[in-house]
Amino acid sequence: MPYLFKLSRRMARTRAALVLAAAAAAACESADLLPSSPQKLELATTAGTVGTVSDLRVTAASDTSLTIAFTAVDDSAGLGATYEVRYALSPIAWGSALTVARGTCVAPLGSAIESTKSCTILGLTPAKQYDVQLVAFSGTPNLNAVFGGLSNVATASTTATPAAPATVLLQEAFEDASFTARGWYDNTALAITTSQHIVGSTSALEVHFPVGATTPTWGGTARRAFLGTETVYLGYWVKYSSNWVGSGRAYHPHEFMLLTNEDAAYTGPSFTHLATYVEENYQNGGIPVLAMQDGANIDQAQIGRDLTTISENRGAAGCNGNTDGYTTDCYQASGVYVNAKTWKAVQPSFLPSSGTGYKGDWHFVEAYFKLNSIQNGKGVADGIVRYWFDRQLVIEHTNVLLRTGAHPTMKFNQLLIGPYIGDGSPVDQTMWVDNLTVGDGRIETPTVPSVASVTVTPASASVPVGGTVGLGVTLKDVSDNILPPQAVTWTSSNTAVATVSGSGVASGRSTGSATITATSGEARGTATLTVTAIPPGTVGDLAVAAKTDTSVTLSFTEVNDGTGQPASYDIRSAVGSLSWGSASDIGRGTCTGALAGTAIGAKRACTVSGLVAGTDYQFQLIAFRGTLNVNAVFGALSNVAAGTTAVAAVPAGPPGAVGDLAVAAKTDTSVTLSFTEVNDGTGQPASYDIRSAVGSLSWGSAS
């Protein structure tokens with residue numbers, strides 16, 4: 001029986017071959033190697049039919065290829081089948097689909113049944129969705145092929161063509177003040193500071209607005225040109241003072257601007273052919289803002305008229321119509337109309353309180369502008385504006401009109417640093433900027449591994465009261481690799497002993513010890529800071545503030561006792577010139593003994609009593625801590641203050657009456673009188689009016 005079975009099977013296959021040969025002859029007119037709808041031949045044999053693939057799938061995709069995989073099936077003879085693979089942009093129709101011409105799917109070979117078969121289709125178009133389908137067969141196409149059924153359809157998209165890496169056009173680290181040498185112009189007096197900067201940097205740009213100022217202390221706009229580009233990226237680190245409130249209004253302050261080659265090197269920024277803005281507006285938190293103006297494009301004779309379908313010689317940001325539907329503004333300034341178009345984040349990113357997003361910490365800001373295209377001489381609303389806060393996208397619009405068809409060669413080519421508060425700064429406030437970059441695309445920062453450890457250096461330090469020390473950090477990942485700079489938050493365990501700034505500068509306030517902690521993400525490191533005592537301060541403004549005939553009031557500014565606490569004072573006085581060693585301690589009044597301090601820097605007064613009227617005195621004091629005559633630690637002697645007590649004042653009254661007027665001597669022509677002088681009523685000797693008469697005297701008629 002086994003032998004007869006094999007024989008009959010061979011005969012069946014021979015008959016099938018003859019039938020297929022005839023079918024192949026009829027099919028020679030077809031251009032396809034396989035029929036559009038492959039026929040599954042039903043043969044009356046004991047052999048099986050060709051299998052049908054049911055698990056076709058796409059396992060990988062690139063911008064120009066798809067890799068497929070499936071489980072191999074029977075070719076009807078107990079061997080692995082061969083396959084015809086076709087593809088098309090979705091949806092696929094087998095008859096019109098393309099046969100694979102490039103890649104390893106051109107002629108897939110048979111393989112063991114139920115093994116996984118994989119091959120790649122090459123020559124595809126990037127960013128397109130394709131359907132892939134196949135059919136299994138045995139034999140030779142157009143000759144004796146036997147087909148299975150069409151497989152399932154596998155669908156996948158090729159990836160977009162990888163963008164060329166962005167080109168860095170400008171970088172500014174603010175490490176020194178040589179701005180002219182680096183190509184800055186218009187204003188090169190920008191201020192830098194070493195007290196604020198990101199980790200890994202040594203200094204940053206400082207933008208300080210005094211109360212009422214419209215521009216920073218260093219003046220107006222600083223500019224720097226770069227190679228022209230239709231797509232521009234701006235990235236920078238920024239930090240705001242704890243009291244930052246911006247303009248206090250729903251507009252301003254301006255911060256950064258990007259201009260184009262349509263304007264001259266010193267034009268603008270408020271009246272240009274295009275100026276884009278990157279800034280924040282503070283409304284109980286800083287709201288990210290992107291904006292544009294193109295006042296120089298406005299048709300000043302057609303204000304308020306919609307020119308969007310009439311002319312490309314018009315403003316794109318308002319005054320002459322609105323193409324993209326975003327809110328625009330049109331207003332007069334300096335006798336001409338200007339415009340504005342603004343995009344804001346939906347909520348603040350720079351927050352008023354400590355924690356994530358706190359305005360007083362360093363944050364990374366990125367902005368991107370892509371000029372819209374121009375088709376058939378008209379501007380198309382397909383421009384792009386984006387804003388990232390700490391790498392989180394908070395503003396994105398991809399249907400923006402930034403230019404009309406009147407400016408087909410427009411390119412961004414100039415950065416302006418132009419902080420400006422039009423109505424004047426409402427408070428004394430500061431912002432800092434570090435590590436600024438301009439590129440023709442987003443400068444992708446490699447994904448930074450999580451911080452696993454933070455090491456603070458030095459690990460321990462000692463400073464005197466009032467002294468400072470700068471602390472640094474090293475950030476590492478779990479593999480102990482050093483990481484690039486990242487945001488670090490600094491805190492002190494005891495702010496009464498020591499404080500620490502956002503850039504890691506610790507300051508001693510009073511004697512003792514404090515732990516300084518640096519935190520990055522979930523990791524933290526510490527350093528121990530010991531604050532040591534110094535000699536008590538020296539009073540330099542001792543003065544006589546008031547005096548009477550028996551007292552003098554002294555005033556002075558209180559000083560530190562060297563441990564961060566108010567000092568005590570020993571005050572002495574002397575008649576005439578004072579020598580500290582022989583001068584007397586104050587015995588009466590409120591300046592007696594060890595005068596306890598109240599508050600460092602406070603204005604203090606006390607009174608020395610029991611003095612002699614009309615007398616010159618000198619006074620001096622010394623600050624100390626501890627207990628006099630026990631363990632006192634002294635500062636230096638103060639300046640000497642001098643003053644003269646007043647002459648005693650006597651209440652005014654009637655002059656005294658002479659009661660002992662007498663004739664003390666006489667001659668033939670004279671009389672000598674005598675009497676005891678009296679008070680004039682003010683404490684001074686009186687004056688006298690003396691009269692005489694012959695015989696009886698009456699004062700009124702006496703001479």
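The values are calculated or read from the model by the stated rules, or taken from the named source; none is laboratory data. The structure presented is a predicted model; accordingly, all values stated were derived computationally and were not measured. Cβ coordinates were reconstructed from backbone atoms using ideal geometry, including for glycine residues, and neighbour counts include every protein chain displayed.
Filtering Phe147, Phe137, Phe174 for residues that are on the phi > 0 side of the Ramachandran plot and either crowded, with 19+ Cβ neighbours inside 10 Å or in a strand (DSSP E or B) (or both) leaves a single hit, Phe174.
Within the set Glu366, Glu396, the sole residue that is within 19 Å of Ile443 (Cα to Cα), acidic (Asp, Glu) and surrounded by 20 or more Cβ atoms within 10 Å (Cβ to Cβ) turns out to be Glu366. Just one of the listed residues (Thr474, Thr447) is farther than 30 Å from Thr563 by Cβ, modelled with pLDDT under 95, of a type outside the set (Asp, Glu) and assigned to a strand (DSSP E or B), namely Thr474. Looking only at residues in segment 323-351 that are crowded, with 18+ Cβ neighbours inside 10 Å and in a loop (DSSP other than H, G, I, E, B), the one that is farthest from the chain's Cα centre (by Cα) is Thr323. When Leu611, Leu697, Leu673 are checked against the criterion of being part of a loop (DSSP other than H, G, I, E, B) and farther than 30 Å from Ala546 by Cβ, Leu697 stands alone in meeting it.
Taken across segment 617-624, residues that are at pLDDT 90 or above and exposed (fewer than 15 other Cβ atoms within 10 Å of the Cβ) do not occur at all.
In segment 459-487, the residues that are of a type in the set (Asp, Glu) form Cβ pairs under 9 Å with partners that are at pLDDT 90 or above, at six or more places apart or across chains, as follows: Asp477/Ser453; Asp480/Ser453.
Restrict the check to segment 210-217 and report whether at least one residue is buried (at least 22 other Cβ atoms within 10 Å of the Cβ), under 27 Å from Asn339 (Cα atoms) and not assigned by TED's automatic domain parsing to the domain that holds Gly470. For segment 210-217, residues buried (at least 22 other Cβ atoms within 10 Å of the Cβ), under 27 Å from Asn339 (Cα atoms) and not assigned by TED's automatic domain parsing to the domain that holds Gly470: present.
In this structure, is Gly683 assigned to a strand (DSSP E or B) and either at pLDDT 90 or above or not charged (D, E, K, R) (or both)? For Gly683, the condition - assigned to a strand (DSSP E or B) and either at pLDDT 90 or above or not charged (D, E, K, R) (or both) - is not met. Within segment 190-246, being charged (D, E, K, R) and part of a strand (DSSP E or B) holds for Glu206, Arg223, Arg224, Lys239. Consider segment 373-388 and keep the residues that are buried (at least 22 other Cβ atoms within 10 Å of the Cβ) and within 21 Å of Thr308 (Cβ to Cβ). The one that is farthest from the chain's Cα centre (by Cα) is Gly379.
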